[in-house]
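Student: Sharing a structure with you now.
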Amino acid sequence: MKFNPEKYVIPDVPMQPFIDPEEIWGYLNNTKATKERIRQVIEKSLGKNRLTLEETAVLINADDPESIEMIKKGALQLKESVYGNRIVLFAPLYIGNKCINNCLYCGFRTGNKEAERKTLSGEEIIKEVQALEDNGHKRLILVYGEHPEYSAEFIAESVRTVYSTKKGKGEIRRVNINAAPLDIDGFKKVKAAGIGTYQVFQETYHPEVYLDYHLSGKKRDYVNRLVSLDRAQEAGIDDVGIGALFGLYDWRFEVMGLVRHTNHLEACYNVGPHTISFPRIKDASSLNIPGKYHVGDQEFSRLVAILRLAVPYTGMILTARESPAVRKEVMHYGVSQIDGGTKLELGSYSQSINEKQNLNREQFFIGDSRSLDQIIEELLDDGFLPSFCTACYRLGRTGEHFMEFSVPGFIHNYCTPNAMLTLAEYLTDYASPAVKEKGWKVIEKERGRMENKELSKKVSNRLIKISQGERDLYF
């Protein structure tokens, strides 16, 4: 019987499940990827239009070397036209690893009896934040296990502690959250604390496979997690982040799931996710996951390029789970944010080398342990513009309003200048001599490329003010 995609479409209704595996597999199994069709889809994306599920399936099914190269080149071109050469930097700060869930892929799971459970106190959070500020960070994502102790009020209080902690010229200007789903009242509480993005990863979008990995705990409720960001939107948080953990199921299905989730949010709330994350399964304490759905490096770079083309205006996050070599490659295909100087063990940022102990507090093991300064140096060497910008979020340019700025291309009048200003702060206050020299050359090069000469002059004036000691200047 001929495939009829209309048969499987689920109406987009707020706070109702929207994933149908038959719909997704129907597109994957019945969509042809001819060279002409691939070119048409890439052209649509280069016009800065989000792709449909059928069009995404075309790119996924394009598996010959020539087609894959076309997709990567298209992703590179699109990323440069939307984001320029900026890479935004942040750091994760783990607040607590207590957890009531038993998820087979996670070191925090209740079944891991080797893990030492720890929740940072207010004083310990301050020490961690000061250490991060000493390295030059301005953006953090706070990470929590799922546990009654980590209530909405607890999360909000830890956010307020981070924002109020300042050392020297250091300060944290944006705090994102990666935590368990909340109810609407809970989301309202954390919003009032001034959070940025609230991330909830679905891990795998396949409902039956999801149950195979989530053995017990609140996280076993697939639908509750799936529609959790609908509740965030209902609570007024229009800046949300979605993600899938690649390696749990077929990567093609998960890419389609992420696009379907994006479509749902846009249909119901007029704005898609602010960020998409696509971590691959990495080693964790007592990890025992079969390798059936392992995603190799070539497949990984390919899926990153497909996601970039499918969702042109969504930020894409690549974490330190990946090796420096992998990160260096896929940043060209669509990644817009990375972490730097990452430490996952609770309390490790403020510890000296002599104080370090292997306390088994990590959620997983990382592949890129370089310092923030080392990562910035490589970004500069590779032609990227490192950025710590937080202006859009603090001026209310988020959600649907952010789309109004970004879709017409106006965002270039803000992002590149603000990236230069925040990089100048880092170079002045924290950079090593070698990075400082390279960084100022990159800033001058970027300023010289600006077509708007009046804006270029304003940037120059603000750079002078930064050299004279002023901070937090932005457009």
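The values are calculated or read from the model by the stated rules, or taken from the named source; none is laboratory data. The model shown is predicted, which means the values in this text are computed figures rather than measured ones. Reconstructed Cβ throughout: ideal geometry from the backbone, glycine too, with neighbour counts over all protein chains shown.
Listed here are the residues, each with its yes/no results for (1) β-branched (Val, Ile, Thr); (2) assigned to a loop (DSSP other than H, G, I, E, B); (3) closer than 19 Å to Cys103 by Cα; (4) not assigned by TED's automatic domain parsing to the domain that holds Ala131.
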| site | (1), (2), (3), (4) |
| --- | --- |
| Pro148 | no, yes, yes, no |
| Phe154 | no, no, no, no |
| Glu157 | no, no, no, no |
| Gly196 | no, yes, no, no |
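Student: Sort through Glu425, Glu377, Glu444, Glu451 and tell me the only one that's surrounded by fewer than 17 Cβ atoms within 10 Å (Cβ to Cβ), farther than 26 Å from Arg50 by Cα and modelled with pLDDT of 95 or more. Full working, then the answer.
Tutor: Working: Glu425 fails: surrounded by fewer than 17 Cβ atoms within 10 Å (Cβ to Cβ); Glu377 fails: surrounded by fewer than 17 Cβ atoms within 10 Å (Cβ to Cβ); Glu451 fails: modelled with pLDDT of 95 or more.
Of the residues listed, the single one that is surrounded by fewer than 17 Cβ atoms within 10 Å (Cβ to Cβ), farther than 26 Å from Arg50 by Cα and modelled with pLDDT of 95 or more is Glu444.
Student: List every residue pair whose Cβ atoms sit under 6 Å apart, with the two residues 6 or more apart in sequence or on different chains, where the first one lies in the stretch 257-280 and is touching a residue at least 12 places away in the same chain (Cβ under 8 Å) and surrounded by 22 or more Cβ atoms within 10 Å (Cβ to Cβ) and the second, anywhere, is small (Gly, Ala, Ser) and in a helix (DSSP H, G or I).
Tutor: Close Cβ pairs satisfying both conditions: Val259/Ala310.
Student: Val175 - would you say it is modelled with pLDDT of 95 or more, among the β-branched types (Val, Ile, Thr) and not in a strand (DSSP E or B)? Break it down into steps so the answer makes sense when it comes.
Tutor: Working: modelled with pLDDT of 95 or more: yes; among the β-branched types (Val, Ile, Thr): yes; not in a strand (DSSP E or B): no.
No; evaluated as a whole, the condition is false for this residue.
Student: The conditions are (1) within 23 Å of the chain's Cα centre (by Cα); (2) aromatic (Phe, Trp, Tyr); (3) at pLDDT below 95, and Tyr94 fails exactly one of them. Which is it?
Tutor: Single failed check for Tyr94: (3).
Student: Can you tell me how many residues within the stretch 335-351 are under 19 Å from Gln130 (Cβ atoms) and either in contact with a Leu (Cβ under 8 Å, 6 or more places away or on another chain) or outside the structural domain of Leu307 (by TED's automatic domain parsing) (or both)?
Tutor: Looking only at the stretch 335-351, we keep the residues that are under 19 Å from Gln130 (Cβ atoms), and these are 339-351.
Checking which are either in contact with a Leu (Cβ under 8 Å, 6 or more places away or on another chain) or outside the structural domain of Leu307 (by TED's automatic domain parsing) (or both) leaves us with 339-341, 345-347, 349.
Selection size over the stretch 335-351: 7.
So that you can scan it fast, the table gives a plain yes or no per residue for (1) surrounded by fewer than 23 Cβ atoms within 10 Å (Cβ to Cβ); (2) touching a strand residue (DSSP E or B) at 6+ places or on another chain (Cβ under 9 Å); (3) of a type in the set (Gly, Ala, Ser):
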position	(1), (2), (3)
Ser67	yes, no, yes
Gln77	yes, no, no
Glu80	yes, no, no
Tyr105	yes, yes, no
Asp134	yes, yes, no
Leu140	no, yes, no
Glu146	yes, no, no
Phe154	yes, yes, no
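Student: Might you let me know whether the stretch 266-279 holds any residue that is part of a helix (DSSP H, G or I) and in contact with a His (Cβ under 8 Å, 6 or more places away or on another chain)? Full working, then the answer.
Tutor: Residues of the stretch 266-279 that are part of a helix (DSSP H, G or I), as a first pass: 266-269.
Okay, now just the ones that are also in contact with a His (Cβ under 8 Å, 6 or more places away or on another chain), so none.
No: the stretch 266-279 contains no residue that is part of a helix (DSSP H, G or I) and in contact with a His (Cβ under 8 Å, 6 or more places away or on another chain).
Student: Going by the structure shown, is Glu23 buried (at least 17 other Cβ atoms within 10 Å of the Cβ) and not in a loop (DSSP other than H, G, I, E, B)?
Tutor: Details: buried (at least 17 other Cβ atoms within 10 Å of the Cβ): yes; not in a loop (DSSP other than H, G, I, E, B): yes.
Spelling it out, Glu23 is indeed buried (at least 17 other Cβ atoms within 10 Å of the Cβ) and not in a loop (DSSP other than H, G, I, E, B).
Student: Which of the residues that make up the stretch 204-224 are within 15 Å of Arg260 (Cβ to Cβ) and either surrounded by 19 or more Cβ atoms within 10 Å (Cβ to Cβ) or not assigned by TED's automatic domain parsing to the domain that holds Asp250 (or both)?
Tutor: Filtering the stretch 204-224 down to residues within 15 Å of Arg260 (Cβ to Cβ) leaves 204-207, 210, 222-223.
Selection gives Thr204, Tyr205, His206, Tyr210, Tyr222.
Student: Being in contact with a helix residue (DSSP H, G or I) (Cβ under 9 Å, 6 or more places away or on another chain) and free of Cβ contacts under 8 Å to residues at least 24 places away in the same chain narrows it down to one residue among Glu451, Glu470, Glu446; which is it?
Tutor: Going through Glu451, Glu470, Glu446 in turn, the sole match is Glu470.
Student: Can you find, within the stretch 29-49, the residue that is modelled with the lowest pLDDT among those that are within 24 Å of Thr314 (Cα to Cα) and either in contact with a Phe, Trp or Tyr (Cβ under 7 Å, 6 or more places away or on another chain) or basic (Lys, Arg) (or both)? Lay out the reasoning, then the answer.
Tutor: Step one: list which residues in the stretch 29-49 are within 24 Å of Thr314 (Cα to Cα), which gives 37-49.
Add one more test, that the residue is either in contact with a Phe, Trp or Tyr (Cβ under 7 Å, 6 or more places away or on another chain) or basic (Lys, Arg) (or both), and what stays is 37, 39, 44, 48.
Values: Arg37: 98, Arg39: 98, Lys44: 98, Lys48: 91.
Applying the filter and picking the extreme gives Lys48.
Student: Listed residues Leu51, Leu28; which is in a helix (DSSP H, G or I), in contact (Cβ under 8 Å) with a residue 40 or more places away in the chain and on the phi < 0 side of the Ramachandran plot?
Tutor: Working: Leu51 fails: in a helix (DSSP H, G or I).
Being in a helix (DSSP H, G or I), in contact (Cβ under 8 Å) with a residue 40 or more places away in the chain and on the phi < 0 side of the Ramachandran plot holds for just one of Leu51, Leu28, which is Leu28.
Student: Also: Only one of Tyr222, Tyr205, Tyr210 is over 21 Å from Gly111 (Cβ atoms) and either at pLDDT below 95 or under 22 Å from the mean Cα position of the chain (by Cα) (or both); which?
Tutor: Details: Tyr222 fails: over 21 Å from Gly111 (Cβ atoms); Tyr210 fails: over 21 Å from Gly111 (Cβ atoms).
Answer to the check: Tyr205.
Student: Taking the criterion of being closer than 22 Å to Val209 by Cα and surrounded by fewer than 20 Cβ atoms within 10 Å (Cβ to Cβ), would at least one residue in the stretch 317-324 satisfy it? First the steps, then the outcome.
Tutor: Looking only at the stretch 317-324, we keep the residues that are closer than 22 Å to Val209 by Cα, and these are none.
No, the stretch 317-324 contains no residue that is closer than 22 Å to Val209 by Cα and surrounded by fewer than 20 Cβ atoms within 10 Å (Cβ to Cβ).
Student: To continue, here is another question. If you go through the stretch 443-455 one residue at a time, do you hit one that is closer than 27 Å to Lys167 by Cβ and either in a loop (DSSP other than H, G, I, E, B) or within 22 Å of the chain's Cα centre (by Cα) (or both)? Give the derivation first.
Tutor: Taking the stretch 443-455 as the starting set, the residues that turn out to be closer than 27 Å to Lys167 by Cβ are 443.
Imposing the further condition that a residue be either in a loop (DSSP other than H, G, I, E, B) or within 22 Å of the chain's Cα centre (by Cα) (or both) reduces the set to none.
The answer is no, given that none of the residues of the stretch 443-455 is closer than 27 Å to Lys167 by Cβ and either in a loop (DSSP other than H, G, I, E, B) or within 22 Å of the chain's Cα centre (by Cα) (or both).
Student: Given the structure, is Ile242 β-branched (Val, Ile, Thr), assigned by TED's automatic domain parsing to the domain that holds Pro290, in contact with a helix residue (DSSP H, G or I) (Cβ under 9 Å, 6 or more places away or on another chain) and part of a strand (DSSP E or B)?
Tutor: Working: β-branched (Val, Ile, Thr): yes; assigned by TED's automatic domain parsing to the domain that holds Pro290: yes; in contact with a helix residue (DSSP H, G or I) (Cβ under 9 Å, 6 or more places away or on another chain): yes; part of a strand (DSSP E or B): yes.
Considered against the rule, which asks whether it is β-branched (Val, Ile, Thr), assigned by TED's automatic domain parsing to the domain that holds Pro290, in contact with a helix residue (DSSP H, G or I) (Cβ under 9 Å, 6 or more places away or on another chain) and part of a strand (DSSP E or B), Ile242 comes out as yes.
Student: Next up: Check Leu120, Leu132, Leu142 and return the single one that is touching a residue at least 24 places away in the same chain (Cβ under 8 Å) and in contact with a Gly (Cβ under 7 Å, 6 or more places away or on another chain).
Tutor: Values: Leu132 fails: in contact with a Gly (Cβ under 7 Å, 6 or more places away or on another chain); Leu142 fails: in contact with a Gly (Cβ under 7 Å, 6 or more places away or on another chain).
None of the other options fit; the residue is Leu120.
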